[in-house]
Amino acid sequence: MEIVDNFLPKDEFDKLEKTVMGYHFPWYYQDEIAYGNENKKSWEFYHSHLLYRDDVPTYPNSLELVWPAIKQLGMRRDKFQLRTLVRIKINCYPNQNEFIEHSWHEDFEPGTLPYKACLLSLNTCDGYTKFEDGTKVESVANRAILFDPCISHHSTNTTNQTRRVNININYL
């Protein structure tokens, strides 16, 4: 795992944040956070926007929107360098007046392909992502977590902002 603060140049991050956090950005209600979770609680919901999946952009200009992050991942010369996109999803966890740790999950089944993830926070709040080894990474605007999405982790909502928003880029 690697934590990268100031992942994007300020001007590129500001443009991305303004668009996604803006009034006109479309969000879609999701009934569950960890799919196939038979222990789902009624309060485990969120909003998302799927930008890319199965080699198809799902939103006009979706790749243009996140191109700075894709470019940044492609330029890296370490074990997290992007070769092929798998999925890009923007998550929005609303403030529910109670701090909620969501269910544990993996983005992909362990032992399949060597997936990687970049989780980029768009706002600073009291939410975080927690991993099975106990590591807790706070949500800080323009902070990226580069990790293996096949290991168990969970998200949270926030109580000190109206919402917690991040972009999840899964790639090989």
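Counting only the backbone N, which residues of the range 87-110 are under 13 Å from the spot 7 Å out from the Cα of Trp67 toward its beta-carbon?
Backbone N within reach: none found.
Roll a 1.4 Å probe over the protein chains and send me the accessible area per residue for the range 101-169 in Å². Let's see the in-between values first.
Numbers: 2560 Å² over 69 residues.
Each residue of the range 101-169 exposes 37 Å² on average to a 1.4 Å probe.
Can you tell me how much longer the chain between Lys136 and His154 gets when fully stretched, taken as 0.36 nm per residue apart minus their C-alpha distance, in nm with one decimal?
Working: separation 18, 0.36 × 18 = 6.48 nm, distance 0.97 nm.
Additional length available on full extension: 5.5 nm.
Given a 1.4 angstrom probe, I'd like the percentage of the accessible area of the chain that is carbon and sulfur, rounded to a whole number. If you can, show how the numbers build up before the last one.
Values: 4350 of 8840 Å².
Roughly 49 percent, rounded to a whole number.
Which aspartates and glutamates have a Cα lying under 18 Å from the Cα of Lys71, excluding residues fewer than 8 positions away in the same chain?
Cα-Cα hits under 18 Å: Glu2, Asp5, Asp11, Glu12, Asp14, Glu17, Asp55.
Going 7 Å from the Cα of Leu50 in the Cα-to-Cβ direction, what parts of the range 56-95 have a backbone nitrogen less than 12 Å from that spot?
Flagged as within label range: 56-59, 87-90.
If packing is taken as the average number of other Cβ atoms within 10 Å across a peptide's residues, how do 107-114, 154-161, 58-65, 12-19 rank, most packed first? Provide the component values of the computation, followed by the final result.
On the way: 107-114: 11.5, 154-161: 18.8, 58-65: 14.1, 12-19: 15.6.
Result, highest mean Cβ count within 10 Å first: 154-161, 12-19, 58-65, 107-114.
For a Förster distance of 41 Å, can you work out the FRET efficiency between the beta-carbons of Leu172 and His24, rounded to the nearest 0.05? Intermediate results must be reported in sequence, preceding the final value.
Values: r = 32 Å, r/R0 = 0.79.
With a Förster radius of 41 Å, E is 0.80.
With a Förster radius of 30 Å, plug the Cβ-Cβ distance of Met1 and Asp31 into 1/(1 + (r/R0)^6) and report the FRET value to the nearest 0.05.
Details: r = 29 Å, r/R0 = 0.97.
Once rounded, the FRET efficiency stands at 0.55.
From the mean inverse distance of alpha carbon pairs (Kirkwood) and the Cα radius of gyration, derive Rg over Rh for the chain. Intermediate values should be presented prior to the final figure.
Details: Rg = 15.0 Å, Rh = 16.2 Å.
That ratio is 0.93, to two decimals.
The values are calculated or read from the model by the stated rules, or taken from the named source; none is laboratory data. Every value quoted in this text rests on a predicted model; they were computed, and no experiment measured them. Every residue, glycine among them, receives a Cβ derived from its backbone with ideal geometry; neighbour counts consider all protein chains shown. Side chains included, ligands, DNA and RNA excluded: accessible areas come from the protein's heavy atoms. Shrake-Rupley method; radii C 1.70, N 1.55, O 1.52, S 1.80 Å.
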